[in-house]
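The structure appears below as structure tokens.
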Amino acid sequence: MTSNPKMTTQRVNSIDILRGLVMLIMALDHVRDFFHLNSVTQNPTDLASTTPMLFFTRWITHFCAPTFVLLSGVSAFIAGQRKTKKELSRFLMQRGLWLIIVEIVVMTFALSFNPFYSVIFFQILWALGFSMIMLGLLVKTSTKLILVTGLVLVFGHNIFDFIHLPDHSFGKTLVGIFLNGAQTILPVGPGRFIAIFYTALPWTGIMLLGYSLGAFYQQPNATKRRQLLFALGLCVTVLFVVLRSLNFYGDPSRWSTQKDGLFTFLSFINTTKYPPSLLFVCMTIGPALMLLSAIEKAQNKFSSILMVYGRVPFFYFVLHFYIIHLLCVIFFFATGFGVKDIVDPVIPFLFRPQKFGFDLWVVYVIWFCLIIFMYWPCRWFGKYKATHKKWWLSYV
């Protein structure tokens with residue numbers, strides 16, 4: 001496999017801009033998890049108890065994970081133009097394994113602050129890592145097979161909404177981990193558990209589609225590429241509206257008429273993230289593709305700021321979680337909680353008891369201050385990566 005002379009092999013600014021945007025939005029949900037008064041007792045998308053603002057605060061962050069995974073696939077395709085298939089396969093599998101290790105060791109501690117690792121969390125880095133390993137295996141085949149596999153996974157996994165396996169059976173556990181589980185808890189010893197929140201294969205499907213989408217960047221005509229991206233995004237969005245209106249396939253949660261028009265609309269867009277349903281993917285990826293098309297020529301101060309975050313996603317992701325949890329510890333003691341409150345028996349996060357938290361406006365203030373603060377370390381690390389050629393930098 002040799003480099004294509006028509007292929008973009010440098011960083012694509014629009015990818016970094018969109019990735020930076022979703023990373024900033026993503027932090028809002030993580031701040032809400034730690035600081036909102038009802039975050040551990042109330043589902044923000046439960047229409048029986050939520051408010052429109054709380055619903056929106058959660059819903060807008062739905063765009064982050066699928067967009068990030070899709071762009072990771074696109075970036076893998078672009079980076080692969082500088083490598084042989086064997087080199088790309090080895091890199092993706094090594095980076096995927098590295099991300100899973102970071103999830104277990106670094107991110108589990110960031111979430112829980114529990115040095116005993118009583119609960120090990122498998123979340124987005126696990127999904128990314130597993131997806132990269134699968135992509136690393138498939139890049140040795142053909143882009144057509146990768147595209148077909150991605151389509152089958154994204155469009156087909158909701159078939160399991162209609163298949164009911166026996167509780168506590170091996171098959172149900174396997175399907176829960178890899179295909180259709182909202183949350184799988186695996187005991188791995190006395191008082192120790194693995195909590196799998198990101199079901200692996202649906203996210204793999206999104207990455208495979210992202211890799212296939214990378215072929216758009218072989219299009220030498222930038223105007224044509226933008227038109228293709230916008231048309232594809234529009235088609236995916238229309239598909240969401242049509243399938244959601246039919247209310248039969250693509251999401252285990254059906255929409256229904258609510259107490260008023262606003263809440264009926266919220267029911268319509270209230271799709272399932274765990275695992276990412278077909279309708280969830282269409283609802284989020286369609287607009288993301290149209291936005292990717294619209295910002296390809298963006299050259300302004302705001303886009304430059306977003307690129308600072310988007311060029312160092314791993315660094316930003318790990319650091320912002322540690323800062324959020326450290327802030328939580330500070331607020332924990334500052335609001336009168338003591339050592340006896342550090343551990344809440346029903347919550348796996350230390351320093352985050354059920355009665356701790358603030359109104360939603362405080363969450364927004366903390367989030368805004370956080371993302372502003374993150375600009376400077378991200379800019380520093382981005383410059384460091386650009387001026388140093390150490391091997392390990394390709395993994396972070």
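Taken together, the values in this text are just the output of simple stated rules run on the coordinates, not laboratory data. Note that the structure is predicted; figures quoted are calculated from it, not measured. Here Cβ is always computed from backbone atoms with ideal geometry, including for glycine, and neighbour counts include all displayed protein chains.
Remarks
- Applying the Karplus relation 6.51 cos²θ - 1.76 cosθ + 1.60 with θ = phi - 60° to the stretch 31-48 yields 3J(HN,Hα) values of 5, 4, 4, 8, 10, 6, 4, 10, 5, 9, 10, 10, 7, x, 9, 7, 5, 6 Hz, where x marks Gly and Pro.
- Convex hull volume of the stretch 197-306 per residue (C-alpha atoms, cubic angstrom): 144
- Relative contact order computed over the chain (Cα-Cα under 8 Å; 6+ residues apart), in percent: 26
- Counting every C-alpha pair in the chain, the share spaced more than 40 angstrom apart comes to 14%.
- All alpha carbon pair distances within the stretch 1-132 were sorted into 5 Å bins beginning at 0; the resulting P(r) in whole percents reads 2, 9, 13, 16, 18, 15, 11, 7, 5, 3, 1, 0.
- Pairs of alpha carbons in the stretch 76-132 whose separation is greater than 19 Å (percent): 39
- FRET efficiency estimate (nearest 0.05) - Cβ-Cβ, F193 to V105, R0 22 angstrom: 0.85
- Of C369, C282, C378, the one that fluctuates the most in a GNM where the chain has Cα springs shorter than 10 Å: C369
- Sorting W376, W255, W203, W391 by the number of Cβ atoms found within 10 Å of their own Cβ, with the fewest placed first, yields W391, W376, W255, W203.
- Calculated FRET value between L326 and Q299, using beta carbons and R₀ = 35 Å, to 0.05: 0.45
- Between V346 and D161, the FRET efficiency estimated from the beta carbon spacing at R0 = 25 angstrom works out to 0.30.
- Ellipticity at 222 nm from helices only: DSSP H runs of n ≥ 4 in the chain, each -39500 (n - 2.57), divided by the residue count, give -19000 deg cm²/dmol.
- Taking 0.36 nm per residue of separation and subtracting the Cα-Cα distance, full extension of the segment from S394 to F248 would add 48.2 nm.
- 26 Å Cα-Cα threshold exceeded, pairs from K85/K390; K273/K297; K83/K389; K301/K383; K224/K390: K273/K297; K224/K390
- Rough spin-label spacing in nm, given labels placed 7 Å along Cα→Cβ, for K385 and D46: 3.9
- Cross-link reach is defined here as a Cα-Cα straight distance under 14 Å, omitting same-chain residues fewer than 8 places apart; for K259 the aspartates and glutamates meeting it are D46.
- Rounded, prolate or oblate (a/c below 1.5 giving rounded, otherwise prolate when a/b exceeds b/c) for the stretch 138-283 by Cα gyration tensor: oblate
- Whole-number percent relative contact order across the stretch 158-311, with pairs defined as alpha carbons under 8 Å at least 6 apart: 24
- Euclidean distance of C-alpha centroids, the stretch 37-95 and the stretch 286-312, integer Å: 16
- Cα shape, the stretch 280-354, gyration tensor, a/c 1.5 rule: prolate
- All-pairs alpha carbon distance profile, the stretch 98-200, 10 Å steps from 0, percent: 14, 37, 33, 15, 1
- Measuring nothing but how far apart in sequence close Cα pairs (under 8 Å, 6+ apart) lie, relative to its length, the stretch 79-204 scores a relative contact order of 30 percent.
- Net length gained if the chain between L97 and S118 were fully extended (0.36 nm per residue, minus Cα distance): 5.4 nm
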